[in-house]
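Below is one structure, written out as structure tokens; the observations come after it.
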Amino acid sequence: MNEITRLKSQISSRFSIGGFQIRSDASTFLAQQIQPLSETERKTWITNVANHVQSQNLAQPIVERKHIEQAIKEASNTGLDDAETVFQVISAFEVPSFVYVEEKKKFLPAPTSTKLQLLGPPDAKSNYLRERYLMLWQKTHRHEMFSQRSTPGTITGTGKSKLTLRKVENLLSTSKMNDVVMLGLLTQLTEGRFYLEDPTGSVPIDLSTTAFSAGLFCEGCFVLACGKFRDGTLKIEEIGFPPPELAASSRAFFGSVNSWGGPSKTLLKNSRNLAELEKGNPDHSLIFVSDCWLDSAEVMEKLKQLLKGYDDFPPVAIVLMGPFGKQQDNVYGLKSRFQMLGELLSTCEKLKAQTDLVLVPSCDDPAAANILPRPPIPNAIAGELVKRYPRTILATNPCRLQYCTQQIVVCRADLVTKLCRNTIHFPKQGHLEEHFARTLISQGTLAPLHPIAFPTHWSYDAALSLYPLPDLVVIGDPCQAFQTTEQDCTVMNVGSFPKSKFAFKVYYPSNRTVEDSQIPDEDD
């Protein structure tokens, strides 16, 4: 009697005690899952799985494989509270929205008297810009550089003088002011002329002799400017981004409320159970792949190698980002491609039991407009994949992932490319990834651009927020892949799977490290 047959006999005996008859394929599946364990651990798992199956209240006392898969998933979460889950995907349209209340100096949930709409009312545009400004204003106002400085006109340093944040209305009330420091929106109100704008008004600016700090400065981002005001124009000497802030400092102004999203009322970032589970599983990983062209035979072959390879060592989740078709002229042809992916995944037994598949669409995928956040791939197109691989999650773009205490933002957009294309001052030296990360982290949003360059739904700006900072920001841009860390937040670009000779990223939450991986060529 081989090992699997012996385990199947033990499993059948245990389930028969509870009055259940287990199908052969179900017992085989469970036997394969527990085979690598010790004898004691095997008995424990058989008992736990049997108990979870019993709690499912089956209509008939016949246990099928789907019941075993569900029981294993539930047993893996043993020891956690009802609101605590090991892994979850949060829709962009379910991200909670908060507003800063200046009188109380804290963030409170936004009023929900009216239902949010994709096509928001006209005042939604001014509202989201005002809330971005207030968020940046409050953390800038608290920064240490506004308590000390060394010499007049400098933004950094130490000394005894105190920097004062000005607003536009302060400038418009006089004709001359030195050592002006103000936070404002960089915009062009007239062709070829830049202005700084805040809730109190706008002022034209002169950038001819400005010294730029690190970052990618684009129309639509908020900047911290220092200069002299003369005859109605602010001549800027130095310009930079609002100072970044560690997530722990930011969360102090939200309290214990769940500012991240998901079903839990409290923030899972503070869960001791999940923290222990996270540290106790150093091999748990998340896989990120971008530009998954399912209509490319070569891409499908490499995806097959990737999935078959990880079937022996199942990760927590595999995140596939679009576009899912290299050619976008046949929407319904994509349906058969998703079906082929489902057929491939259905042969990966361990992945089916332990790994979630998350599909993040690009703006080129059907059937939504080129505006973020965008809805998931329609079930009418990807439904066959879901049937064959039930652990498929059709996600929004962007979406939020929560693995134990780890907070991860995933966005499939040509964001690096667009920031570089629209910047008014390209850095002469330094690594691009550092400038890009500094821009996102300092701005506290995935969309520090003018809405024309990067269209967004005004009413759902909270879905693009990076405040408080997450642990990981994942961007899917076809440009060269990279990863860097700023303010304890890892920012990485996955790059293009087919254009990078089939490279992808692996993230290990327990130690917060990113590993570069690649599907080898057959000749290697």
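The values are calculated or read from the model by the stated rules, or taken from the named source; none is laboratory data. Keep in mind the model is a prediction, meaning the values are calculated, not measured. Glycine gets a Cβ as well: all are built from the backbone with ideal geometry, and neighbour counts include every protein chain shown. Heavy atoms of the whole protein, side chains included, go into the accessibility calculation; ligands, DNA and RNA do not. Shrake-Rupley method; radii C 1.70, N 1.55, O 1.52, S 1.80 Å.
Brief remarks on what is shown
- Boolean, Ser27 is in contact (Cβ under 8 Å) with a residue 12 or more places away in the chain and closer than 18 Å to Lys352 by Cβ: yes
- Scanning the range 253-272 finds one or more residues that are under 30 Å from Ser202 (Cα atoms), touching a helix residue (DSSP H, G or I) at 6+ places or on another chain (Cβ under 8 Å) and hydrophobic (A, V, I, L, M, F, W, C).
- Filtered residues of the range 491-511 (kept if free of Cβ contacts under 8 Å to residues at least 60 places away in the same chain, over 20 Å from Tyr310 (Cβ atoms) and open to solvent by 10 Å² or more (accessible area, probe 1.4 Å)): none
- Test set (1) in contact with a strand residue (DSSP E or B) (Cβ under 9 Å, 6 or more places away or on another chain); (2) not in a strand (DSSP E or B) - Ile239 fails condition number: (2)
- Unmet criterion (only one of (1) open to solvent by 20 Å² or more (accessible area, probe 1.4 Å); (2) modelled with pLDDT of 95 or more) for Leu469: (1)
- Those residues of the range 218-236 which are under 35 Å from the mean Cα position of the chain (by Cα) and assigned to a loop (DSSP other than H, G, I, E, B), in sequence order: Glu219, Gly220, Cys221
- Whichever residue in the range 384-436 is of a type in the set (A, V, I, L, M) and in a loop (DSSP other than H, G, I, E, B) and, among such residues, is farthest from Arg272 (Cα to Cα): Ala413
- Scanning the range 138-147 for residues that are out of contact with any Phe, Trp or Tyr (no Cβ under 6 Å at 6 or more places or on another chain) and either in contact (Cβ under 8 Å) with a residue 60 or more places away in the chain or basic (Lys, Arg) (or both) turns up Lys139, Thr140, Arg142, His143, Met145.
- Residue that is surrounded by the fewest Cβ atoms within 10 Å (Cβ to Cβ), among those in the range 356-382 that are touching a residue at least 40 places away in the same chain (Cβ under 8 Å) and in a helix (DSSP H, G or I): Ala380
Results for (1) touching a residue at least 12 places away in the same chain (Cβ under 8 Å); (2) open to solvent by less than 30 Å² (accessible area, probe 1.4 Å); (3) more than 30 Å from Ala463 (Cα to Cα), shown as yes or no for each residue.
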position: Thr44; (1), (2), (3): no, no, yes
position: Thr47; (1), (2), (3): yes, no, yes
position: Ala50; (1), (2), (3): yes, yes, yes
position: Ala59; (1), (2), (3): no, no, yes
position: Thr85; (1), (2), (3): yes, no, no
position: Ala92; (1), (2), (3): yes, yes, no
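- Residues of the range 191-217 that are open to solvent by 30 Å² or more (accessible area, probe 1.4 Å), assigned to a strand (DSSP E or B) and farther than 23 Å from Tyr128 by Cβ: Arg193, Asp206, Ala211, Phe212.
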